[in-house]
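K.L.:
Here you go, one structure.
Bear in mind that the values in this text are calculations on the coordinates, not laboratory data. Being a predicted model, the structure only gives us computed values, none of them experimental. Positions of Cβ are generated from backbone atoms using ideal geometry, with glycine treated the same way; all protein chains shown enter the neighbour counts.
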């Protein structure tokens, strides 16, 4: 009996001694196992954006872009955690809320615009990196180059989050992403809506890149409007950047072909608008001079049409700039200084021209601070994890 008591005493003494490491400090037990995997860490972020966009266009009712001033402060704090499952697999979960206020409004109603909650996973292989995102997450997760033939600047500034999934694959000379944004649930007056977007880029040489941009938009029905409208767009493109042989940061030419398919299924009429787009870009010392020229068909033929509910399709059907019709030219001068990876600033002026001349201009200023970009950095993409 004394031997048993002695064994228990030795065990009680050994337990606290075993909880000491080689330096005599108490061991803190976490999710990390003996192989160094499953490391757990708390996460937090604060993303702040200030957006100013003054639009001065024709005062007539048929102005393609309405005049006005968009002046908004957006703050999106999030918290969460991450788990490094293995050296090659990383998981992250974040939740938060987007707070936004339109400057000059009389009340603070609607300050909390949208909840945020997403799961983000990275899987590194010998061939590249796969990333998958699901939930309600900021639009900045998109890394593809989407021109205003897909998303206007006004649309990006007002619809700042995606609701759905995003898959990305990055290799040494190739990048692609495929996402789905669920925009509307079927209801009495609310249409079911979702958009599938895709982007791909292959760096054939140090100065030549080939790729595509695509959008499949399902503008479905509601109880009041039982018709379905299709709006699909595909843009194969080629880009040549000659800056490596010069002192310029970018000196590029991007040429693309736009091919659309649009149909209101309540009618037998189909539209297949097509056109060519050319973008010239010069960048140095933080200054960017860019000119975009489009020539082709009316890319938004159903913009003024309406369904059985007599509600015009307008911006519910088209997210692009409405200027892509017959001929469109836009010239922009911007200053984008290289500050830090967590603080970015952009100051720009844009002039728009149509088939009959000058359409209007914009003066823009934006500022963004990302705490997450300061705390983390993906060494491959340069985007915070």
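K.L.:
Name all residues of the stretch 193-210 having a backbone nitrogen under 13 Å from the label point set 7 Å from the Cα of residue 309 along its Cα→Cβ direction, giving them as ranges.
P.N.:
It comes to 193, nothing else.
K.L.:
For Cα pairs less than 8 Å apart in space and 6+ apart in sequence, what is the mean separation divided by the residue count of the stretch 120-161, i.e. the relative contact order in percent?
P.N.:
Working: 22 pairs, mean separation 13.5, N = 42.
Rounded, it is 32 percent for the stretch 120-161.
K.L.:
Sticking with this one: Below 8 Å, C-alpha to C-alpha, sequence gap of six or more: please give me the relative contact order for the stretch 231-385 in percent.
P.N.:
Working: 319 pairs, mean separation 21.5, N = 155.
Once normalised by length, the contact order is 14 percent.
K.L.:
Given a Förster radius of 35 Å and the C-beta distance between residue 171 and residue 338 as r, what FRET efficiency does 1/(1 + (r/R0)^6) yield to the nearest 0.05?
P.N.:
Rounded to the nearest 0.05, the efficiency is 0.85.
K.L.:
Follow-up. Can you tell me how the stretch 58-179 classifies by the Cα gyration tensor, rounded, prolate or oblate, using a/c under 1.5 as the rounded cut?
P.N.:
Oblate, since a/c reaches 1.5 and b/c is not below a/b.
K.L.:
Give the calculated FRET efficiency between residue 58 and residue 243 to the nearest 0.05, with a Förster radius of 30 Å applied to their Cβ-Cβ distance.
P.N.:
0.20
K.L.:
Work out, in µm²/s and without decimals, the Stokes-Einstein translational diffusion coefficient of the stretch 288-358 at 10 °C, 1.306 mPa s, Rh from Kirkwood over C-alpha pairs.
P.N.:
Details: Rh = 14.8 Å.
For these conditions, the coefficient is 107 µm²/s.
K.L.:
Over the stretch 51-210, what is the relative contact order in whole percent, taking alpha-carbon pairs under 8 Å and six or more residues apart? Don't jump to the answer; show the numbers that get you there.
P.N.:
Working: 301 pairs, mean separation 20.3, N = 160.
Dividing the mean separation by the residue count of the stretch 51-210 yields 13 percent.
K.L.:
Follow-up question, since we're still on this one. Would you mind estimating how fast the stretch 139-276 diffuses translationally, via Stokes-Einstein at 25 °C and 0.890 mPa s with the Kirkwood radius over Cα pairs, in µm²/s?
P.N.:
Numbers: Rh = 16.9 Å.
Answer, rounded: 145 µm²/s.
K.L.:
Rank the residues 173, 239 as a footprinting-exposure proxy: fewest other Cβ atoms within 10 Å of their Cβ go first.
P.N.:
Arranged by neighbour count, lowest to highest, 173, 239 become 173, 239.
K.L.:
Quick check on the stretch 237-300: take the gyration tensor over C-alpha atoms, sort the square-rooted eigenvalues as a ≥ b ≥ c, and tell me if it's rounded (a/c under 1.5), prolate or oblate.
P.N.:
Verdict is prolate for the stretch 237-300.
K.L.:
Another question, if that's okay. Can you tell me how much longer the chain between residue 127 and residue 293 gets when fully stretched, taken as 0.36 nm per residue apart minus their C-alpha distance, in nm with one decimal?
P.N.:
56.0 nm
K.L.:
Take the alpha carbon gyration tensor of the stretch 247-385, find the square roots of its eigenvalues, order them as a ≥ b ≥ c, and report rounded if a/c is under 1.5; if not, report prolate when a/b exceeds b/c, else oblate.
P.N.:
Prolate, because a/c is 1.5 or more and a/b exceeds b/c.
K.L.:
Something else now. If you look at just the Cα atoms of the stretch 177-232, how large are its Rg and its Dmax in Å?
P.N.:
Rg and Dmax of the stretch 177-232, Cα atoms, are 16.4, 54 Å.
K.L.:
Can you order the peptides 159-169, 180-190 by their average number of other Cβ atoms within 10 Å per residue, highest first? Kindly include the intermediate steps, with their values, before the conclusion.
P.N.:
Details: 159-169: 18.8, 180-190: 13.7.
Going by the mean number of other Cβ atoms within 10 Å, highest first, we get 159-169, 180-190.
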